[in-house]
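> Starting off with a structure, shown below.
The values are calculated or read from the model by the stated rules, or taken from the named source; none is laboratory data. Bear in mind that the values here come from a model prediction, so they are computed numbers and not experimental data. Glycine also receives a Cβ, built like all others from the backbone with ideal geometry; neighbour counts cover every protein chain displayed. Note: areas computed on protein heavy atoms with side chains; ligands, DNA, RNA excluded. Shrake-Rupley method; radii C 1.70, N 1.55, O 1.52, S 1.80 Å.
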Amino acid sequence: KEEFRYFYRLEVAIAHEADRVVAISEEEADFFRHAAEGQNDVFVIPPIARHMTVGGGGPEGRRGALFLAGWLAGPESANADGLRWLVEYVLPEVIEHCPWVEIVVTGADLPPELSGLAGPHLHFLGHVQDLEKAHHAARLSVVPIRYGAGVKLKTVVGMQHGLPVVSTSAGVDGIPMLSDREVDIADTPAAFAEAMVRLLVDDEHWRERREALINLNARWSNESPVGWANV
């Protein structure tokens, strides 16, 4: 609680001193508008406006699922919790329908406590220099994050590359979307596994998700006052 209060006061103080506050979601913008009283110059830039790098072709030739993770927070982080949940509860159901499935997990300095999760269907890649190449090779991105505040960059990066995403509700928190067509959202193991399987085997569904992401990015780009490069 003390740590929370410290960072709360710090963010408010920074917002007061700044000439302008740029947020990546309306929720974050509202926080600064209300918490940093007197700071009225707050605006939102959608997280992937003008930065989409669609590539890698269609679903053909792609394989497996990508879990974009970092391990600086250690074995008790939200990433670690999500990975354990994915391996223990979701992956067995996916294997039942897709026995060839492979999940690759990024991130340097993997905690030793998690290394035992590796197996025929899950591989740790360590540090990945070229994230664009990794996203263009994968069939889908998974975001099994069950808690944590703020916009999840792993979700944004997947969307940025036009890669269909299966996420929990926590994983899409604060990301403005047009409909339920951009991301498959599931909070139970069965629903998460079902969404993964469909993207792994249904080419038409995969293309629909890709097209929805392209349309969303176009909408965000048109509505954004400036791009991140301008900031």
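> Find the residue count for the stretch 100-120, including only residues that are farther than 11 Å from Gly64 by Cα and either small (Gly, Ala, Ser) or part of a loop (DSSP other than H, G, I, E, B) (or both).
Summing the residues that are farther than 11 Å from Gly64 by Cα and either small (Gly, Ala, Ser) or part of a loop (DSSP other than H, G, I, E, B) (or both) in the stretch 100-120 gives 10.
> Let me ask something else. For the stretch 172-193, what are the residues that are within 17 Å of Val87 (Cα to Cα) and outside any loop (DSSP other than H, G, I, E, B)?
Pro189, Ala190, Ala191, Phe192, Ala193
> Inspect the stretch 24-44 for any residue being open to solvent by 30 Å² or more (accessible area, probe 1.4 Å), charged (D, E, K, R) and farther than 30 Å from Val231 by Cβ and give the result as yes or no.
no
This table checks each residue for (1) at pLDDT below 95; (2) under 14 Å from Ala65 (Cβ atoms); (3) within 15 Å of the chain's Cα centre (by Cα).
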site: Val151; (1), (2), (3): yes, no, yes
site: Asp173; (1), (2), (3): yes, no, yes
site: Met177; (1), (2), (3): yes, no, yes
site: Glu182; (1), (2), (3): yes, no, yes
site: Ala186; (1), (2), (3): no, yes, yes
site: Leu213; (1), (2), (3): yes, no, yes
site: Ser224; (1), (2), (3): yes, no, no
site: Asn230; (1), (2), (3): yes, no, no
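> Now for a separate question. Residues in the stretch 149-165 that are surrounded by 22 or more Cβ atoms within 10 Å (Cβ to Cβ) and either polar (S, T, N, Q) or free of Cβ contacts under 8 Å to residues at least 12 places away in the same chain (or both): how many?
1
The rows are residues; the columns are (1) among the β-branched types (Val, Ile, Thr); (2) under 30 Å from Leu72 (Cα atoms).
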site	(1), (2)
Gly126	no, yes
Gly158	no, yes
Thr168	yes, yes
Glu182	no, yes
Ala186	no, yes
Pro189	no, yes
Leu216	no, no
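> Residues of the stretch 176-185 being hydrophobic (A, V, I, L, M, F, W, C) and surrounded by 21 or more Cβ atoms within 10 Å (Cβ to Cβ), which ones?
Scanning the stretch 176-185 gives a single hit, Val183.
> Of everything in the stretch 73-102, what is among the hydrophobic types (A, V, I, L, M, F, W, C), at pLDDT 95 or above, touching a helix residue (DSSP H, G or I) at 6+ places or on another chain (Cβ under 8 Å) and surrounded by fewer than 15 Cβ atoms within 10 Å (Cβ to Cβ)? Give them in sequence order.
Within the stretch 73-102, none qualify.
> Quick one: count up the residues across the stretch 103-131 that are closer than 25 Å to Glu60 by Cβ and either in contact with an Asp or Glu (Cβ under 9 Å, 6 or more places away or on another chain) or surrounded by 15 or more Cβ atoms within 10 Å (Cβ to Cβ) (or both).
Matching residues across the stretch 103-131 total 11.
> Can you tell me which residue within the stretch 195-224, out of those that are out of contact with any Lys or Arg (no Cβ under 6 Å at 6 or more places or on another chain) and free of Cβ contacts under 8 Å to residues at least 24 places away in the same chain, is farthest from Glu93 (Cα to Cα)?
Result: Asn222.
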